[in-house]
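None of the figures in this text is laboratory data; all of them are computed from the coordinates on show. Fair warning: this is a prediction, and the values are worked out from it, not measured in the lab. No Cβ is skipped: glycine too gets one built from the backbone with ideal geometry, and neighbour counts run over all protein chains shown.
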Amino acid sequence: MTHAIRFHKPGGPEVLVWEDVKIGKPGPGEARIRHTAVGLNFVDIYNRTGLYPVQLPSGLGGEAAGVVEEVGSGVTDLKQGDRVAYGSAPLGAYAEARLIPADRLLKLPDGIDDRTAAAMMLKGLTVQYLIRQTYRVKSGDTILLHAAAGGVGTILSQWAKHLGATVIGTVGSDEKAKLARAHGCAHTIVYTREDFVKRVDEITGGRKVPVVYDSVGKDTFLKSLDCLAPLGVAALFGQSSGSVEPLNLGLLAQKGSLYVTRPTLNTYAAKRENLVAMAKELFEVVQSGAVKIEVHQTYPLKEAAKAHADLSARKTTGSTVLLV
């Protein structure tokens, strides 16, 4: 018998319960893995609250690192004892062990430890598609990033700087501004006391930016459009402040023939070959030292409810890992 965090109804952190679960042998195309570290992400809160509905009762979490215990038939590129991680998988990472489709697993290079891997897979793969695919950031670009001190934000800032871009990051406090600057932001805007549209205009000399990466949603989205240069891209990849209201598409014409996209990692990484290529690029920038992954908080897995409460209350910075 093994343990897992599960929930039987949507709600606050209190709905998360530590339960005994049975795990059988892996079927065709599956692997059984024993987790060592599990990543905490805002999407976990969306699943728990019902914003992103799931079939209940349900496990939680889509990012973790661990060791392969057994593989099912047809699995040829993994074996018992392999160190692996994943960031694009069915829910169920909040567990001591689990069965998982083997095509979602990525072998870890020796230079990346389990805690680092658990903190970087979902967030790092998200950054890869955002800055290498959704809008391909290039040297000389000035870009706007909301929640720059968060887990995705600290990775995106470093990677974009490495590519030669200038990053303007919005944050909620002076402490978070300091953190964002330490991770590659050339300019920080404390949105609680500064008008970020006005500041972006000042920083860019009125030219504005070609792309805004927005995971905040309701509180920032319309103002994000006002920061874009003509033909600019608004990449809305989260909604920590709530869902964006229905959009009058005429606004996109008025504000400069803008593009809006609502991308997800599941779409970009749906094909195995794409997932592997994305992970290869992520592993390379981390191993080179261009992107440093820092775990700022850890909690025992069974205390996932406390970790959720702290994340919701914006008490965390950077990446948080649940230890198994």
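Summary table below
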{"item": "Fluctuation leader among Ala37, Ala229, Ala180 - the chain, Gaussian network, Cα springs under 10 angstrom", "result": "Ala229"}
{"item": "Between region 272-321 and region 99-145, the alpha-carbon center distance in angstrom", "result": "10 Å"}
{"item": "Size of electric dipole in the chain: Cβ of Lys, Arg +1 and of Asp, Glu -1, about Cα centre, debye, nearest 20", "result": "340 debye"}
{"item": "[x] 62, 52, 40; [y] 55, 46, 38; [z] 60, 39, 37, with the label sought being that of the calculated Cα extents along the principal axes in Å", "result": "[z]"}
{"item": "Residue-span extension gain [Leu231 to Asp219] - 0.36 nm each, minus C-alpha spacing", "result": "2.1 nm"}
{"item": "Inter-part distance where region 1-49 and region 159-217 are each reduced to a Cα centre, Å", "result": "35 Å"}
{"item": "Sites Val190 and Val276, calculated FRET efficiency, Cβ-Cβ separation with R0 51 Å, nearest 0.05", "result": "0.80"}
{"item": "Rounded FRET efficiency, nearest 0.05, which uses the C-beta distance separating Asp310 from His8 and R0 of 30 Å", "result": "0.85"}
{"item": "The chain: antiparallel DSSP beta bridges as a percent of all, rounded to 5", "result": "55 percent"}
{"item": "Amide H partners (placed H, <5 Å) of Thr142, local residues excluded", "result": "Thr166"}
{"item": "Cross-link pairs Lys138/Lys315; Lys138/Lys292; Lys208/Lys280 - those with Cα-Cα distance over 26 Å", "result": "Lys138/Lys315; Lys208/Lys280"}
{"item": "Burial order of peptide ranges 309-319, 243-253 (average beta-carbon count within 10 Å, highest first)", "result": "309-319, 243-253"}
{"item": "Highest-MSF residue in the chain out of Gly62, Gly12, Gly232 [GNM, Cα springs under 10 Å]", "result": "Gly12"}
{"item": "Region 139-262: proportion of alpha-carbon pairs further apart than 22 angstrom, %", "result": "27 percent"}
{"item": "Extension gain (nm, one decimal) between Asp20 and Glu175, 0.36 nm per residue minus Cα-Cα", "result": "51.8 nm"}
{"item": "GNM result for the chain, Cα springs below 10 Å: residue of Glu202, Glu294, Glu19 fluctuating most strongly", "result": "Glu202"}
{"item": "Distance between modelled label sites at Ala182 and Gln133, nm, 7 Å Cα→Cβ extension", "result": "3.2 nm"}
{"item": "FRET efficiency, Val67 to His296 (Cβ-Cβ, R0 25 Å, nearest 0.05)", "result": "0.50"}
{"item": "P(r) of region 57-211 over all Cα-Cα pairs, binned every 10 Å from zero, in whole percent", "result": "11, 32, 27, 19, 10, 2"}
